[in-house]
Amino acid sequence: MSKSKHKIRVVELFAGVGGFRIGLEGASDAYETIWNNQWEPSTIHQDASLVYKARFGAQGHSNKDINRVPTSEIPDHDLLVGGFPCQDYSVAATLSRSGGIEGKKGVLWWQIYRILSEKGDKRPNYIFFENVDRLLASPASQRGRDFAIILASLSDLGYTVEWRVINAAEYGMPQRRRRTYIVGYRHESVVAQKIEEKRDWVLFDGVMAKAFPFAAKDNSESSFSIEGEIKEVSDSFNKGKKNSPFGEAGIMSKRQVFTVDTIPVYDGTRQTLGDNLVDEDYVPEEFFISEEDLPKWKYEKGAKKIERVSKEGFKYIFSEGGMSFPDPSDKPSRTMITGEGGSAPSRFKHVVETPSGRYRRLIPIELERLNMFPDNHTYHPDVSDGRRAFLMGNALVCGVVQEVGKSLYSAIFDEAPVSTRPIHVQRNPKPLLTQTLFDFGEEDLVYNKPKKTYQLDRTKRLLIGFVKEDNIDYFLTEEPTKLYYTGNVETFPSTIALNKLYYFMPHIKGKGVRDLYLIKIARLGSKTEVHPDVEDKKAPRLVFELEYLESLPEYKMINLKFQRAFTDTFLGRVMER
């Protein structure tokens, strides 16, 4: 498959180990990260920067305090992305103890504002940020003030902004990680010009709605304006009220806000914690919990009531509920935090039970998989296992970024994105060493079939489609997503009910069928999406967007019927042959 004919220049701030970059490159070849910045304050050893350079190279990488980077050193770009630091109001601290946007880390938001402001007319058309879900209700003393400041400042810079709170597990991903994602468009951009009604954009037509469909909760819609200068917003927004006015989804344009709470809508494949574990024979002994330490772990995980004394000398009872022990392998994992590493018993670290009955912590590869990173992405001879866990606790779920990236690309260019660098990587229960692991400076994303949790329904309809010779190699490569296009749409049999098709198997000439795919989308398109140099560029085709599920042990010969190019049948008839 050829590279994209489009190009979206990306600048990545607060880059960590490159989660935004992996997700966007997995969405489309059009995304090209031309400059990035990663700096961890108050530490000499810059682990994230070491990993980023090892995986993506030193070109365009900045390991300086962003406060000291002049805007003139940042190249002009089309998309600015970043998970700006959020420790002051993270899930690890209660809202009442957080400093919000005025805290030590929160002030880094103003570096984003500074860069966008100083870029002037050359500021990017698009922005894409990630933060904790509590951003919408921070700080506790003035619910929603921080987010109102962010929206107001972006509005003043000429951006329309939409947001969504997304729990990755609710859309089939392997971790229950709930985060706020913010996407913005300059008023003169292609995407902003498509926005007509705020409500329709948020619920149906927008970038976020198409990436992560949802139903609106009853009686949760509201509209309001954010008024006054930034200082006035800071001083008085929502003052004295108990709840934030911001729902889990919304849009702001010219200070006018529409917002709503969400019920996720998803019926695709799902990944669990167990899908991402390696065989216990491949787990180093240091990750197993000894019989001696096991009671300590059970105590930390269990319910408890403890008498404590406050700083003022008052006695009080601290209580907390019990947690699952071990963590269930048939569900997505709990949210990973930065303290995941180390052998000391902890309430928050994940513990799984092995087939032999032993208990163990998660190894770095498994932590990477829960964030949908490539195996050993954080491996570096100068980075310890504990720090690798810390880096993953700070990271985002790449799959969320990939889906938003696909949707944004489609909104900009009115076509489906194509990527030769999908984020799905090898999920081998027996991971083996590869020479490329030590090739620091070379990007190493491995295409493979991801392990996913799903149940085949043999009563669903299956379309078998003939693969022409110019597309056979494409369907024999091990990529988890494919596009299958028919001949001219006018030659497709009208007796095949498209709305009943669920699965797809490509028919290879002389071989038959083997690989089974889920049909994610059926739409009109063209052959140029896979072969841009074809002559009949304007001929409309039916295009099926496919997700790989599994393969039969060997090829089976099937007699194609409709014009000897298609067969419409039930999955059970083929699986039981």
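The values are calculated or read from the model by the stated rules, or taken from the named source; none is laboratory data. What you see is a predicted model, and the numbers here were worked out from it, not measured in a lab. Here Cβ is always computed from backbone atoms with ideal geometry, including for glycine, and neighbour counts include all displayed protein chains.
Looking at Ile8, is it buried (at least 24 other Cβ atoms within 10 Å of the Cβ) and aliphatic (A, V, I, L, M)? Spelling it out, Ile8 is indeed buried (at least 24 other Cβ atoms within 10 Å of the Cβ) and aliphatic (A, V, I, L, M). Taken together, the residues in the range 192-207 that are part of a loop (DSSP other than H, G, I, E, B), touching a residue at least 24 places away in the same chain (Cβ under 8 Å) and out of contact with any Gly (no Cβ under 8 Å at 6 or more places or on another chain) amount to 2.
Put simply, of Ser236, Ser244, Ser253 the only residue that is under 28 Å from the mean Cα position of the chain (by Cα), farther than 30 Å from Gly172 by Cα and in the same structural domain as Tyr171 (by TED's automatic domain parsing) is Ser253. Among residues of the range 39-66 that are closer than 22 Å to Trp110 by Cα, those with a beta-carbon under 7 Å from a residue that is part of a helix (DSSP H, G or I) and of a type in the set (Val, Ile, Thr) at least six positions away or on a different chain give the pairs Trp39/Ile66. Here Lys210 fulfils each of the conditions (1) over 18 Å from the mean Cα position of the chain (by Cα); (2) in contact (Cβ under 8 Å) with a residue 60 or more places away in the chain apart from (1). Checked against the criterion of being at pLDDT 95 or above, surrounded by 15 or more Cβ atoms within 10 Å (Cβ to Cβ) and touching a Leu at 6+ places or on another chain (Cβ under 6 Å), the range 402-425 has at least one qualifying residue. Summed over the range 326-378, the residues that are touching a Pro at 6+ places or on another chain (Cβ under 9 Å), crowded, with 23+ Cβ neighbours inside 10 Å, hydrophobic (A, V, I, L, M, F, W, C) and assigned to a loop (DSSP other than H, G, I, E, B) give a count of 1. Just to be sure before I move on: is Met557 modelled with pLDDT of 90 or more and exposed (fewer than 14 other Cβ atoms within 10 Å of the Cβ) in the structure I sent? Answer is yes for this residue. Filtering the range 225-259 to residues that are under 14 Å from Glu162 (Cβ atoms), free of Cβ contacts under 8 Å to residues at least 60 places away in the same chain and in contact with a Gly (Cβ under 9 Å, 6 or more places away or on another chain) leaves only Thr259. Against the condition at pLDDT below 95, of a type outside the set (Asp, Glu) and more than 30 Å from Asp327 (Cβ to Cβ), how does Lys242 come out, does it pass? So Lys242 fits the description; yes. Screening the candidates Tyr484, Tyr502 for the property of being buried (at least 17 other Cβ atoms within 10 Å of the Cβ) and not small (Gly, Ala, Ser) yields one hit, Tyr484.
Identification of strands (runs of 3 or more DSSP E) wholly contained in the range 458-577 with 2 or more residues that are among the aliphatic types (A, V, I, L, M) yields 461-467, 501-508, 512-525, 541-556.
Only a single criterion out of (1) surrounded by fewer than 24 Cβ atoms within 10 Å (Cβ to Cβ); (2) in a helix (DSSP H, G or I) is not satisfied by Leu391, namely (1).
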